[in-house]
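Colleague: Sending over a structure as structure tokens; questions will come in a sec.
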Amino acid sequence: MATFLDISGIQGFSNVFVFVFVWVVVYAALGITKVLGDHKGVNILLGFIVGLFTLFSPVIVDTIQFISPWIAVVLLFGVFATAGFRYLGGSDEHSLGNLKLVTVVVLILIVTVGFLAKLREGVKGPGEDGEDDDFSKPLNVLLHPRILGAIFLMIIAIFTIVLLAGKQYM
């Protein structure tokens, strides 16, 4: 029985959503950074081309489909946090100064961890098939769970040091 909560029909449009998402993100990034100047037509065309190239890689499409709900949650949290700061009497400088930095760092972490997790699903790591692997190959060493855990801990340590030693805004 079909209900109004049944959204399985939207799954057929998932590639369109990924294309539009990549197109908008590339266009926005080029517009904000002004890497190519103030030429909106060039930015739109480049975003369109990058969006089309994204559709050729099923790994990237699956990764974007996996990560996009988490990006939406972080952005929604940012909107609610800003509204909460303003409701409690904070000004824009106090509420948005640290929030922008934290939001960007969290988004970068979500995209990086999501992309690496999606890539890790498709690669058979050492010891997963029950055989002893040859650790003379760099890929076998890098994809070992202990090495991946150590890299993850180092990334957390680096971000902790950077955020704690950074300039305080308050």
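The values are calculated or read from the model by the stated rules, or taken from the named source; none is laboratory data. Bear in mind the structure is a predicted one, so any value in this text is a computation, not a measurement. Note that each Cβ is placed from the backbone with ideal geometry, even for glycine, and that neighbours are counted across all protein chains shown. Calculation scope for accessible area: heavy atoms of the full protein, side chains included, ligands and nucleic acids excluded. Shrake-Rupley method; radii C 1.70, N 1.55, O 1.52, S 1.80 Å.
Colleague: Quick check on VAL105: is it within 23 Å of GLU121 (Cβ to Cβ), assigned to a helix (DSSP H, G or I), open to solvent by less than 70 Å² (accessible area, probe 1.4 Å) and at pLDDT below 90?
Modeller: On the way: within 23 Å of GLU121 (Cβ to Cβ): no; assigned to a helix (DSSP H, G or I): yes; open to solvent by less than 70 Å² (accessible area, probe 1.4 Å): yes; at pLDDT below 90: yes.
Here the answer is no, as VAL105 does not meet what is asked.
Colleague: Looking only at segment 24-48, which residues are among the hydroxyl-bearing types (Ser, Thr, Tyr) and not in a helix (DSSP H, G or I)?
Modeller: Step one: filter segment 24-48 for residues among the hydroxyl-bearing types (Ser, Thr, Tyr), giving 27, 33.
Correct list: empty.
Colleague: Continuing with this model, one more query. Restricting to segment 49-67, name every residue that is exposed (fewer than 15 other Cβ atoms within 10 Å of the Cβ) and in a helix (DSSP H, G or I). Full working, then the answer.
Modeller: Within segment 49-67, the subset exposed (fewer than 15 other Cβ atoms within 10 Å of the Cβ) is 49, 52-53, 55-59, 66.
Correct list: ILE49, LEU52, PHE53, LEU55, PRO58, VAL59, PHE66.
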